[in-house]
Amino acid sequence: MKTYVIAEIGINHNGDIKLAKQLIDKASDAGCDAVKFQKRTVDVVYSKEELDTPRTSPFGTTTREQKYGIELELDEFKELESYSRDKGLDFIVSCWDLDSVDDIENNCNVKYHKVASAMLTDKEFLEKLNDTGKPVIVSVGMATEEEIDAALDILLNVEYVLACTSTYPTKPEEVNLRYITTLKDKLQGGDTYTAVGFSNHYNGLDACVGSVVLGAECVEFHITMDRAMYGSDQPASIENVDDLVNAIRQMELMVGDGVKTVYESEKPIAAKLRKVNDI
């Protein structure tokens, strides 16, 4: 089974379309299947009080300047969607408010909408995604089982549900890869089947590769050109994307089908090493 690999660019472009294209190139060269960005209407997502607070960044001295500085313009989203498709990548966006959903729907043609963990409990937002008719990918970080069930009851077209821990970077002991198995038991029994995957915030390759062993059908991870760059998500992002995608593809081969097989390559070894074969 081929894992659907999403390179989460998110806001690691720092509002720079040239950097965004470099990250798309990085994802394409590594063999990813999709890239994902984030879209916020700054004055809707954040209060005036928060935006007016002091915050030193490359964009100025207030939170307002920082938040506007890392956002892309709508024409840039359109350009990046076209650029991604030319590179053979699906284009996905996580919207963080209702206006952003309208903006993306009116200007782009995304493969999937993504429900970020922070948006999982916003009923109006989930219903807005239903109205688009597009399939969605859902992350379940910070959520209780009851909150997950309630969200999935609302959403009409869920393609993947991703196990996730919403800390950046995630401690090894809080990654909890076995929750992938719990989700599979929950969502793949009886007459229903929803694909399960993993959204990574651990700053190594291990968690993503391990998730494939446990049956993740989709793996999402943040990517960066350099973890030392400005940005809150950079420390939880992957620099060596090609190594990670290669490791995922190799693990797909190694997982196998669970059926004990005597491979043709083993038979000459058996003939050479076994002295008796009468059972």
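The numbers here are math on the coordinates, done by the rules we state, and not lab data. Just so you know, these numbers come straight off a predicted model, no measurement behind them. Glycine also receives a Cβ, built like all others from the backbone with ideal geometry; neighbour counts cover every protein chain displayed.
According to a simple spin-label model (label point 7 Å from Cα along Cα-to-Cβ), what is the distance in nm between Met229 and Lys78?
If labels sit at Lys78 and Met229, their model points lie 2.5 nm apart.
I want the antiparallel fraction of DSSP beta bridges within the chain, as a percent rounded to 5. Spell out each step's value before the answer.
Numbers: 2 of 36 bridges.
Of those bridges, close to 5 percent are antiparallel.
For Arg249 and Asp206, compute 0.36 nm times the residue count separating them, minus their Cα-Cα distance, and round to one decimal in nm.
On the way: separation 43, 0.36 × 43 = 15.48 nm, distance 1.34 nm.
So the chain would gain 14.1 nm between Arg249 and Asp206.
What nm distance separates the two modelled labels at Ser265 and Tyr168, each placed 7 Å from Cα along Cα→Cβ?
4.2
Post the alpha-carbon centroid distance, segment 190-223 to segment 1-69, in whole angstrom.
So the two Cα centres are separated by 22 Å.
Scan segment 156-231 for chymotrypsin sites (Phe, Trp or Tyr not before Pro) in coil per DSSP, keeping those whose Cβ has at most 11 other Cβ atoms within 10 Å, and list them by number. Intermediate values should be presented prior to the final figure.
Values: sites: Tyr160, Tyr179, Tyr193, Phe198, Tyr202, Phe221, Tyr230; in loops: Tyr193, Tyr202, Tyr230.
Those satisfying the criteria are Tyr193.
If the chain between Met142 and Glu71 were fully stretched, how many nm would it gain, using 0.36 nm times the residue separation less the Cα-Cα distance? All intermediate terms of the calculation are to be shown ahead of the outcome.
Working: separation 71, 0.36 × 71 = 25.56 nm, distance 2.45 nm.
Length gained between Met142 and Glu71: 23.1 nm.
Are there DSSP H segments in the chain that both extend 24 Å or more along their axis (alpha-carbon positions) and score a mean Kyte-Doolittle hydropathy of at least 1.6? List them, or say none.
Working: long enough: none.
Answer set is empty.
Positive end of the dipole of segment 4-273, charges at C-beta (+1 Lys, Arg; -1 Asp, Glu), about the Cα centre: which of Pro172, Ser28, Ala247 has its Cα farthest in that direction?
Value: Ala247.
Reachable lysines from Lys272, Cα under 27 Å, same-chain residues fewer than 8 places away excluded?
Within the straight-line cut-off, Lys272 pairs with Lys260.
Taking only C-alpha pairs under 8 Å that are 6+ residues apart, what is the relative contact order of the chain in percent? If you can, show how the numbers build up before the last one.
On the way: 503 pairs, mean separation 51.0, N = 279.
Averaging sequence separation for qualifying contacts and normalising by length gives 18 percent for the chain.
Just want to confirm a number: the relative contact order over segment 35-109, from Cα pairs under 8 angstrom separated by 6+ residues, in percent.
Working: 84 pairs, mean separation 30.9, N = 75.
41 percent.
Loop-only trypsin sites (Lys or Arg not before Pro) in segment 122-219, please: DSSP not H, G, I, E or B, and at most 11 other Cβ atoms within 10 Å. Mind dumping the intermediate values first?
Numbers: sites: Lys123, Lys128, Arg178, Lys184, Lys186; in loops: Arg178.
Passing sites in segment 122-219 are Arg178.
Between Ile248, Ile17, Ile92, find the one with the highest GNM mean-square fluctuation for the chain; connect C-alpha pairs within less than 10 Å.
Greatest mean-square fluctuation among the candidates belongs to Ile17.
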